[in-house]
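Here the structure comes first, spelled out in structure tokens, and everything after it is commentary.
The values are calculated or read from the model by the stated rules, or taken from the named source; none is laboratory data. Worth saying up front: this structure is predicted, and the values here are computed from it rather than measured. We place every Cβ from the backbone using ideal geometry, glycine too, and count neighbours over all the protein chains shown.
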Amino acid sequence: MAKVKITRKQQKPQYINLALEKINFILIGTGIIFIVLGYIFMSEKSVSGFLPTTLAPILLVLGYCVIIPVGILYKKKSASVKAETEKSKTIVTEKQSNIKITSNIKTK
């Protein structure tokens, strides 16, 4: 009997679709820079100085609690979403222009 040779089908190239874009990585990198600067300023030898007691904690809180979460959660609006919002704005203004305002209050 003849042996049947099973060949694999050609696989299509698979692309990795990342949820984060370039702007997200820039924001996360900025947050990491803030955190590193905060730790550098905190390592200063003086205890009563401005850098280790005031500026370093501010930089660390901004880096950890503001910039990195914004970098993770930020998403650009796509062109279709922008077009839909503009379209809905024009529809609303057209509807508002057709409304006649009347009042039940009688004046002398």
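Before moving on, here are some points about what is shown:
- Selection count, the stretch 30-60, where residues are of a type outside the set (A, V, I, L, M, F, W, C) and in contact with a helix residue (DSSP H, G or I) (Cβ under 8 Å, 6 or more places away or on another chain): 9
- Residue check for I91: assigned to a helix (DSSP H, G or I) and modelled with pLDDT under 95: yes
- Some residue of the stretch 5-17 being in a helix (DSSP H, G or I) and at pLDDT below 95: no
- Per the conditions (1) at pLDDT below 95; (2) closer than 26 Å to N24 by Cβ; (3) not acidic (D, E), the sole criterion not satisfied by I35 is (1).
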